[in-house]
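Worksheet: the structure to be examined is printed underneath.
The values are calculated or read from the model by the stated rules, or taken from the named source; none is laboratory data. Please read these numbers as outputs of a predicted model, since none were measured by experiment. Reconstructed Cβ throughout: ideal geometry from the backbone, glycine too, with neighbour counts over all protein chains shown.
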Amino acid sequence: MEDHCYMTQVYINQLNNYKDKEVCLKGWLYNKRSSGKMQFLLVRDGTGLVQCVLFKGDASEELFNLCGTIPQESSVIVNGTVREDKRSPGGVELTILDINVVQKAEEYPISLKSHGPDFLLGNRHLWIRSKKQHATLRIRDEVVKAIRDYFYEKDFVLIDAPVFTPAACEGTTTLFEVDYFDDKAYLTQSGQLYMEAACMAFGKVYCFGPSFRAEKSKTRKHLTEFWMVEPEIAYADLSDVMDMTEDFVSYIVQRVIKNRPDELEALERDISLLKKIVPPFPRLSYTEAVDLMQKGGHEFEWGGDLGAPDESFIVEQFEKPVLIHRFPAKVKAFYMKNDPEDNNLALCVDMLAPEGVGEIIGGGQREDELDILSEKINRHNLPEEAFKWYLDLRRYGSVPHAGFGLGIERVVGWLCGSSHVRETIPFPRMLYRIYP
RNA sequence: UCCCUGGUAGCUCAAUGGUAGAGUAUCCGGCUGUUAACCGGAGUGUUGUAGGUUCGAAUCCUACCCAGGGAGCCA
């Protein structure tokens, strides 16, 4: 292969630095067009797309004919001269000197025309080569890097939570059960309980990994396997966590706007909406949210959890994500601490993102008193022996602590304007879909 | 689990009871600046499966399978 690349190998996103120089591109044929005595080959290499041009008069007949017959997605090595040209997409193009077909592709199933979701998901391994999918996954990469940078800069310690867990955090009905030698184990649905242990050891911690939910949800917001980042902070309360969520989410959004403008543009995303995402975010207590709905003519009775239409109604009143805190304790998980000012309320917070995205964060302050937590575990009919270690945390130096979980795919979907979270993870796992 | 929508060519769709079609992809031909290029030509079918109604079913009925969207639940 080396003898076909006799010039400097350059990635497409670096071509601007090689104007009028001869370079070698290694990539795949994205699309081709011809116009009689000209061939236009659109080549991608993972970093971008560039148009490669060949005039019939400038090339041997063999080379010219070859260019016209290379099938879509064939792997190619192209030698050529970089030229500035306004007619070319991207403003830079390559005048072809030589081309080597590494592998002539078979008939490629994904055309540049429209396809249905079933077909595309069945061809996900190829679909990720397409422009919008490529941009989405690049933005995911940026979101993940932003998250890691944010926590690193704030002296959080990454503590990976286990994927195999002995029992449920919040009941077993929505867990994937697996054989674990002669026993049963479950795939984690949250690393939170382990983060509570870890924050008592390291102060400020987070985990970042996959979560599994065996819920039979068939909506654009659900995957059975999704990625979640979960920070947990010792000596923090609900107010600290609310401050952090808006700072954190704003940081992620602004990082993506700054570092991934080309990808956002490829996705035709309206950036003006995202630019507004800076602290502070509107904050409503659950009770205030109920009031807002009732005054706005949206029927809702105090006491129930917010359903999807209720969330939409609230979010539509604002341009930024909305923080809703202090839900009725009854509708929230057992580990939430009750509000000392009103024992019917939990010290929890949800962040609802705009543009129909909905909940991207759930979090709050944890119950730190042994007796109360033990009582709550019993009341929820959870196996106490499985939570012995968790209760230990309230025996040995218990302190107020709080944290939250943020769903990566929903955030990426929001930033990309995706119609479905399945496009925001490389290989989505969904109800009845585990191929490829 | 429930509700709604759909399943026809490789792909995207049309045909609403009377000979199953178009675009695209593929192959051939044309064009010196194409931008999902365009123009001309060619081949392409177990109409999701099984049964039923009918002279006749892609079309109507029943069951099942598969997919999409939503509810619940959640991130």
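Does any residue of the stretch A:75-82 turn out to be near RNA strand B (Cβ under 10 Å from one of its atoms) and either surrounded by 19 or more Cβ atoms within 10 Å (Cβ to Cβ) or under 33 Å from the mean Cα position of the chain (by Cα) (or both)?
No, the stretch A:75-82 contains no residue that is near RNA strand B (Cβ under 10 Å from one of its atoms) and either surrounded by 19 or more Cβ atoms within 10 Å (Cβ to Cβ) or under 33 Å from the mean Cα position of the chain (by Cα) (or both).
Just a yes or no: is a residue in the stretch A:105-120 under 20 Å from the mean Cα position of the chain (by Cα), over 23 Å from A:LYS204 (Cβ atoms) and in a helix (DSSP H, G or I)?
yes
Quick one: which strands (runs of 3 or more DSSP E) lie wholly within the stretch A:301-398 and hold at least 2 residues that are away from RNA strand B (no atom under 16 Å from the Cβ) and farther than 25 Å from A:VAL290 by Cβ?
none
Only residues in the stretch A:351-379 that are within 19 Å of A:GLU196 (Cβ to Cβ) and in contact (Cβ under 8 Å) with a residue 12 or more places away in the chain count as the first member; pair them with residues that are small (Gly, Ala, Ser) and assigned to a loop (DSSP other than H, G, I, E, B), Cβ under 6 angstrom, at least 6 apart or cross-chain, and list the lot.
Going by the 6 Å Cβ cut-off, the qualifying pairs are A:ASP368/A:SER398.
Is it fair to say A:GLY356 is more than 30 Å from A:PRO309 (Cα to Cα) and of a type in the set (Gly, Ala, Ser)?
It is false that A:GLY356 is more than 30 Å from A:PRO309 (Cα to Cα) and of a type in the set (Gly, Ala, Ser).
When you go through (1) at pLDDT 90 or above; (2) in contact with a Ser or Thr (Cβ under 7 Å, 6 or more places away or on another chain); (3) buried (at least 16 other Cβ atoms within 10 Å of the Cβ) one by one for A:ALA198, which number turns out not to apply?
The failed condition is (2).
Check the stretch A:408-416 and report whether any residue there is farther than 25 Å from A:LYS132 by Cα, assigned by TED's automatic domain parsing to the domain that holds A:VAL249 and under 31 Å from the mean Cα position of the chain (by Cα).
Looking through the stretch A:408-416, none of the residues is farther than 25 Å from A:LYS132 by Cα, assigned by TED's automatic domain parsing to the domain that holds A:VAL249 and under 31 Å from the mean Cα position of the chain (by Cα).
Would you point out which residue out of A:GLU263, A:GLU215, A:GLU232 is of a type in the set (Asp, Glu) and surrounded by fewer than 22 Cβ atoms within 10 Å (Cβ to Cβ)?
Every option except A:GLU215 fails the conditions.
The conditions are (1) free of Cβ contacts under 8 Å to residues at least 60 places away in the same chain; (2) away from RNA strand B (no atom under 16 Å from the Cβ), and A:CYS207 fails exactly one of them. Which is it?
It is condition (2) that A:CYS207 fails.
Check every one of the helices (runs of 4 or more DSSP H) wholly within the stretch A:231-283 and list those with 2 or more residues that are more than 20 Å from A:PHE318 (Cα to Cα).
Output list reads A:238-259, A:261-266.
A quick yes/no check of all residues on (1) part of a strand (DSSP E or B); (2) touching a strand residue (DSSP E or B) at 6+ places or on another chain (Cβ under 6 Å):
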{"site": "A:HIS134", "(1), (2)": "no, no"}
{"site": "A:ASP141", "(1), (2)": "no, no"}
{"site": "A:PRO162", "(1), (2)": "no, no"}
{"site": "A:THR174", "(1), (2)": "no, no"}
{"site": "A:ASP179", "(1), (2)": "yes, no"}
{"site": "A:LYS184", "(1), (2)": "yes, yes"}
{"site": "A:VAL205", "(1), (2)": "yes, yes"}
{"site": "A:ALA214", "(1), (2)": "no, no"}
{"site": "A:HIS222", "(1), (2)": "no, no"}
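So if I check each of A:CYS67, A:CYS52, which one is farther than 19 Å from A:ARG138 by Cβ, without any contact (Cβ under 8 Å) to a residue 40 or more places away in the chain, touching a Cys at 6+ places or on another chain (Cβ under 9 Å) and assigned by TED's automatic domain parsing to the domain that holds A:ARG87?
Going through A:CYS67, A:CYS52 in turn, the sole match is A:CYS67.
Right, A:LYS184: more than 16 Å from RNA strand B (Cβ to nearest atom) and basic (Lys, Arg) or not?
Yes; evaluated as a whole, the condition is true for this residue.
Which ones in the stretch A:102-143 are small (Gly, Ala, Ser) and near RNA strand B (Cβ under 7 Å from one of its atoms)?
A:SER111, A:SER114, A:GLY116
Please go through the stretch A:53-67 and give me each residue that is outside any loop (DSSP other than H, G, I, E, B) and more than 8 Å from RNA strand B (Cβ to nearest atom), ordered by number.
Hits for the stretch A:53-67 are A:LEU54, A:ASP58, A:GLU61, A:GLU62, A:LEU63, A:PHE64, A:ASN65, A:LEU66, A:CYS67.
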